[in-house]
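Step one of this worksheet: look at the structure below.
Only the coordinates and a few stated rules stand behind these numbers; no lab work does. Not measured: the values here are computed from a predicted model. Counting neighbours? That spans all protein chains shown, and the Cβs are built from the backbone with ideal geometry, glycine included.
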Amino acid sequence: MQFDFATPVARQHPGWPSQKWQRYDEDVAPLWVADMDFCSPPAVIEALEARVAHGVYGYGVVPDSLRAALCAWSGEHYDWSIAPEWQHWLPGVVPALHLASLAFTAPGDGILTVTPIYPPFLQVAERTGRRAQTAALAEPAAPGEPWRLDLDALEAAITPETRLLLWCQPHNPTGRVWRAEELKGLAALVERHDLLVVSDELHCDLLLDEGARHRPLAARFPALAKRIVTLWAPSKTFNLAGLTAACAVIPDASLRRRFAAAAKGLMPDANVLGLVAAEAAYTQGEPWRQALLEALRGHRVRLAEAVAGWPGVAMSAPQSTYLAWLDLRHSGLGASPQRVLLKEARVALSDGADFGWPGFVRLNFGTTHAQLDEALTRLDRVLAQ
Ligand SMILES: Cc1ncc(COP(=O)(O)O)c(C=O)c1O
C-alpha cells in the first residue's frame, strides 16, 4: 500500500492553528517542535471519522480493546508481555513526568536526569518543589561519533536526597538508542542508589536503523521492573500529539496506586478521540509506520549530506526519531546560533540552550522532502561558507 509522505499539507488554517506553524512569521520554515507535517495513517483517520459521526463526546472509559491492543503491540514489537491493568492512560507524557514527581518523591528530594534533554525534564523538579540534579552526557569522541552515557558523571550527581531518575530512551535530542553496556551500568546504578525510574520511551517506535528493535528498560531488567514507570504514546509515531492520549505502564501495584492517587483531581482522563486514534494506530498502523520509517531514513541521508557541507557544524546521525542534534559551537554563528539561523536563514530550529546545551540546535526532519529541501537550501546559504 502506498502512503503519501511527499505532498505538503497546508497547516496554516486560521481556525486550526498549529504551534509549529504559528509561532514564527509565515515566511519561516518551522523545523522545531516535535510534530510531523504528515497526515496520520488512513486507518486512524477513518476510525476518528466514525467516532466523530457518533456525535456524542461525553466522558469516556479506556476500552478493554485498547488495553489489549497495547499488550499485543508490546509483545510483538518489544517482546515484553504486559498486563492490561498495568496501563494508566492519561492525556500526555509530560503530565506523567510531573505526576511521577508528585507521586513518588517529597519536597526537597532530588530528581536526576541527563543533559542535553527534552526541556520539560529539566523543569519537573522546580515545578513540583523538588531539587533538579543533572549530569552531562559524554560528547562524541570525534565529530559524527555517537553521544554516550557518562555513568561516572551520573553517579557523581547523585546525593542521599536523590529519589527519581527521569530517563529517556531513545534519547531526545540526540536520537541515541542506548547500548546494552550503557544500560547495564545504568541499571546497576539505579539499584545501588535505590532509585525509582521514569523511562520515557515515547520515541521507541521510531528506530531508524533497518531491523532495529526497541527493548523497554523494564523488559531488559525484569528485576528492576518494580521500580520503573514506562511512558509510551502513539503521538510521535503516528503524529497524534494534539489528541492527547498517552500511557504509563506500571507493573508494580503499589507504584500504580500511588500514581493513580496523585492523578486524582489534577489529571483529566485521556481524550475520547485520542483513545480511538491510539487503538486504530496500534492495531492497523504498522504498514504506515514502516513506510514512514523509510521516508525518514531518506531524510536522514539528505540531512547528513547537507551537514557535511557546513564547516564547523557536527551531527551524530540520529538512530531514532525525526530529530537531529547539531553542534554549532564552531560554526562562527556565536552564542545563539538558533537566533542567527532564524533571522538570516528564516528557518526555525529548537534552541539547544533549552536542552541544557547552548550552542546546539535541534532540527526536526519530520516533514516532506520538498519542505526539508527548501529549509536545508536556506540553511546552506548561511552555513555553507
Ligand atoms: C521525550 C519526549 N517526552 C515527552 C514529549 C511530549 O509528550 P506529550 O505531548 O505526550 O506530553 C515529547 C515531545 O516531543 C518528547 O520528545
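What the table shows:
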| read-out | value |
| --- | --- |
| Cross-link pairs Lys236/Lys264; Lys20/Lys226; Lys184/Lys264 - those with Cα-Cα distance over 28 Å | Lys20/Lys226; Lys184/Lys264 |
| Efficiency of FRET between Val61 and Val301 - r from beta-carbon atoms, R0 41 angstrom, step 0.05 | 0.40 |
| Packing-based exposure ordering (other Cβ within 10 Å, fewest first) of Ile82, Ile250 | Ile82, Ile250 |
| Range in the chain, longest, excluding exposed GluC sites (Glu not before Pro) [loop by DSSP; at most 15 other beta-carbon atoms within 10 Å] | 211-385 |
| Computed over the chain: relative contact order in percent, which uses C-alpha pairs under 8 Å that are six or more apart | 24 |
| For the chain, calculated [θ]222 nm from helices alone, where every DSSP H run of n ≥ 4 adds -39500 (n - 2.57) | -11500 deg cm²/dmol |
| Gain in span if fully extended, Glu344 to Glu191, counting 0.36 nm per residue against the direct Cα distance | 50.2 nm |
| Between the stretch 51-97 and the stretch 6-36, the Cα center-to-center distance that results, in Å | 28 |
| Considering only the stretch 169-328, percent of DSSP beta bridges that pair antiparallel, nearest 5 | 60 |
| Filtered trypsin sites (Lys or Arg not before Pro), the stretch 139-184: DSSP coil and at most 16 other beta carbons within 10 Å | Arg179 |
| Antiparallel content of DSSP bridges confined to the stretch 49-284, in %, to 5 | 30 |
| Thr159-Gln19 pseudo-label distance in nm [points 7 Å out on the Cα-to-Cβ vector] | 3.1 |
| DSSP H segments from the chain that extend 27 Å or more along their own axis, Cα-based, with Kyte-Doolittle mean of -1.0 or above | 286-308 |
